[in-house]
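Asks: Below is one structure. I have some questions about it.
A short reminder: the numbers here are calculations on the coordinates, not readings from a lab. The structure displayed is predicted, hence computed values, not measured ones. Cβ sites come from the backbone with ideal geometry, for glycine too, and all protein chains shown count toward neighbours.
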Amino acid sequence: MIDGEGPFRQAHVDPLAGLRTADDPPWDVYLTGTVFLDIIFTGLDSAPVRGTESWARGMGSSPGGVANMATALARLGLRTSLAAAFGDDHYGEYCWDALEQGERIDLGPSRTVPGWHSPVTVSMAYEGERTMVSHGHEPPHEEPAPEYPPHARAAVASLTPGVRAPWIEQAAGRGTRIFADVGWDDTGRWDLAGLADLAYCEAFLPNAEEAMRYTGADCPRAAAHALAEHVPLAVVTLGSDGAYAVDGRSGESAEVPAIAVEALDPTGAGDVFVAGFVTGTLAGWPLADRLAFAGLTAALSVQEFGGSLSAPGWSEIAAWWRRVQSVDDQDPAALDRYAFLEGLLPEVTRPWPLRRAVPTIGFGRSA
């Protein structure tokens, strides 16, 4: 189905269309977290050097933080609800509009907090990596998560060592499937028992270094098998080597290599990977297809500015699939790996121009 008119038509795919019933929860995915205003510099030749001035060849601004995940999910056709605090400044207004109006994300559980300024992150991309500097203050304690999370098929959570998030247990108790990642353990303990909410999770998606530190394994694949003893589904991202997953219930494992691309900005690629994996899981795809799809969406995202507005939609995925099929001497095995896309993708002749990160915000606003 094609939504919209003229050159701004968006190819819409509902990956859960064949599974929906009248008794479904109102949302496919629920998230809560902090929304940042991201300012991204790209095209730097090297890391900034003390005492010098560096000029970037590219710049973009977009909502960041939890907005990266929310936007990626919404662009893949999932009905997404977000609980977040927004500042009552121009940055907060811009982020709210970009998510609610631009991406059709439900912000019913979100709030604008009077007198609280929006957190800001400056991200500098160079040599395929990034360096970030952030500033912000904690929102009032009651913001942003509601007392009871809205009913959803799934939720994405970021686990914090030694800290429980009561909403995770509440959501899991209502049948919501919890997908979790984790940040770097600044305490240095790397104690898996400290991730108390892992007990309520269906899937855990750390990167290779995190997985090895939490399990004491000497390789990421062994770490994935060790994690599968604690959570039904363990997915370990391997950077440029792709991803490896183990289903602890069936004993099935799968590994899919990464797609080689020239990265403009890696900001948010991990969030897009998780969004792709959640989409495939809710749709009931085979494990290897879920990994391949997640890796593809992440690879497409790093070729654009920013974390949230770099996320691909179905038209871009379709355009990629048509393009790689037309390449002479294409590896048949590589094409077979993504053949599952054929029955999903819309028939489009050009990608829909998704909203992208721009150097400044506020263009087109009335005085």
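Asks: Can you work out the Karplus-derived ³J(HN,Hα) for every residue in region 204-212? Use 6.51 cos²θ - 1.76 cosθ + 1.60 with θ = phi - 60°, whole Hz, and x for glycine or proline.
Replies: Per residue, the Karplus-derived 3J(HN,Hα) values read 10, 10, x, 7, 4, 5, 4, 4, 5 Hz.
Asks: While we're looking at this one, here's another question. Which residue fluctuates most in the GNM of the chain (Cα springs below 10 Å): ALA208, ALA152, ALA196?
Replies: ALA196
Asks: What chymotrypsin sites (Phe, Trp or Tyr not before Pro) in region 158-227 are in a loop by DSSP, with at most 12 other Cβ atoms within 10 Å of the Cβ?
Replies: Working: sites: TRP167, PHE179, TRP184, TRP190, TYR200, PHE204, TYR214; in loops: TRP184, TRP190.
Here the chymotrypsin sites (Phe, Trp or Tyr not before Pro) that fit, given the DSSP loop and packing criteria, are TRP184.
Asks: Show that you can apply the helix-only estimate: for the chain, add -39,500 (n - 2.57) for every DSSP H stretch of four or more residues, divide by all residues, and state [θ] at 222 nm to the nearest 500.
Replies: On the way: 9 runs with 89 residues, N = 367.
Taken over the chain, the calculation gives -7000 deg cm²/dmol.
Asks: To continue, here is another question. Using Cα pairs under 8 angstrom and six or more residues apart, how large is the relative contact order of the chain, in percent? Walk me through the intermediate numbers first.
Replies: Numbers: 777 pairs, mean separation 66.7, N = 367.
Once normalised by length, the contact order is 18 percent.
Asks: Here is a follow-up. Counting other Cβ atoms within 10 Å, keep those with at most 11, restrict to DSSP loop, and tell me which trypsin sites (Lys or Arg not before Pro) in region 247-347 are left.
Replies: Numbers: sites: ARG249, ARG290, ARG322, ARG323, ARG337; in loops: ARG249.
Those that pass, being in a loop and sparsely packed, are ARG249.
Asks: For the residue pair ALA339 and ASP88, what label-to-label distance in nm results when each label sits 7 Å from Cα along the Cα-to-beta-carbon direction?
Replies: According to this spin-label approximation, the distance is 5.9 nm.
Asks: Okay, moving on. What full-extension length gain, to one decimal in nm, is calculated for ASP186 and ASP247 as 0.36 nm per residue of separation minus the Cα-Cα distance?
Replies: On the way: separation 61, 0.36 × 61 = 21.96 nm, distance 2.87 nm.
Result for the pair: 19.1 nm of gain on full extension.
Asks: Next up: Modelling each spin label as a point 7 Å along the Cα-to-Cβ direction, I'd like the HIS12/ALA222 distance in nm, to one decimal.
Replies: Computed distance between label sites HIS12 and ALA222 equals 5.0 nm.
Asks: Continuing with this model, one more query. List the trypsin sites (Lys or Arg not before Pro) within region 105-198 that fall in a DSSP loop (any state other than H, G, I, E or B) and whose Cβ has at most 14 other Cβ atoms within 10 Å. Mind dumping the intermediate values first?
Replies: Details: sites: ARG111, ARG130, ARG153, ARG164, ARG174, ARG177, ARG189; in loops: ARG164, ARG174, ARG189.
In loop regions of region 105-198 (DSSP not H, G, I, E or B), the sparsely surrounded trypsin sites (Lys or Arg not before Pro) are ARG164, ARG174, ARG189.
Asks: Each residue of region 155-167 in turn: what ³J(HN,Hα) in whole Hz from Karplus with 6.51, -1.76, 1.60 and θ = phi - 60°, glycine and Pro shown as x?
Replies: Coupling constants for region 155-167: 9, 10, 10, 10, 7, 10, x, x, 10, 8, 10, x, 5 Hz.
Asks: Once you charge only the Cβ atoms, +1 for Lys and Arg and -1 for Asp and Glu, what is the size of the charge dipole of region 24-147 about its Cα centre, to the nearest 20 debye?
Replies: Numbers: 7 positive and 18 negative charges, 73 e Å.
Charge dipole of region 24-147: 360 debye, to the nearest 20.
Asks: Pulled fully out, how much extra length does the chain show between ARG323 and GLU262, if you take 0.36 nm times their separation in residues and subtract their Cα-Cα distance?
Replies: Numbers: separation 61, 0.36 × 61 = 21.96 nm, distance 1.62 nm.
Net length gain for the segment: 20.3 nm.
Asks: Output wanted: per-residue J couplings in Hz (rounded whole) for region 334-344, from phi through Karplus 6.51 cos²θ - 1.76 cosθ + 1.60, θ = phi - 60°, x for Gly and Pro.
Replies: Using θ = phi - 60°, the values come out as 5, 5, 4, 4, 10, 5, 4, 5, 4, x, 9 Hz.
Asks: If we count GluC sites (Glu not before Pro) as exposed when they sit in a DSSP loop and have at most 11 other beta carbons within 10 Å, what is the longest stretch of the chain that avoids them all?
Replies: On the way: sites that count: GLU5, GLU53, GLU127, GLU142, GLU147, GLU229, GLU262, GLU347.
Value returned for the longest uninterrupted segment is 263-346.
Asks: With +1 on each Lys and Arg Cβ and -1 on each Asp and Glu Cβ, how big is the dipole of the chain about its Cα centre, in debye rounded to the nearest 20?
Replies: Values: 25 positive and 49 negative charges, 89 e Å.
It works out to roughly 420 debye.
Asks: Give me, ordered by chain and number, the residues 5 or more places off ARG177 or on other chains with an amide H under 5 Å from its own placed amide H.
Replies: Amide H to amide H, under 5 Å and 5 or more residues apart or across chains, ARG177 pairs with ALA154, ALA155.
Asks: Now for a separate question. Amide H of VAL35 versus every other amide H placed in the peptide plane: which residues, excluding those fewer than 5 positions away on the same chain, fall under 5 Å?
Replies: Those lying under 5 Å, H to H, from VAL35 are VAL66, ALA85.
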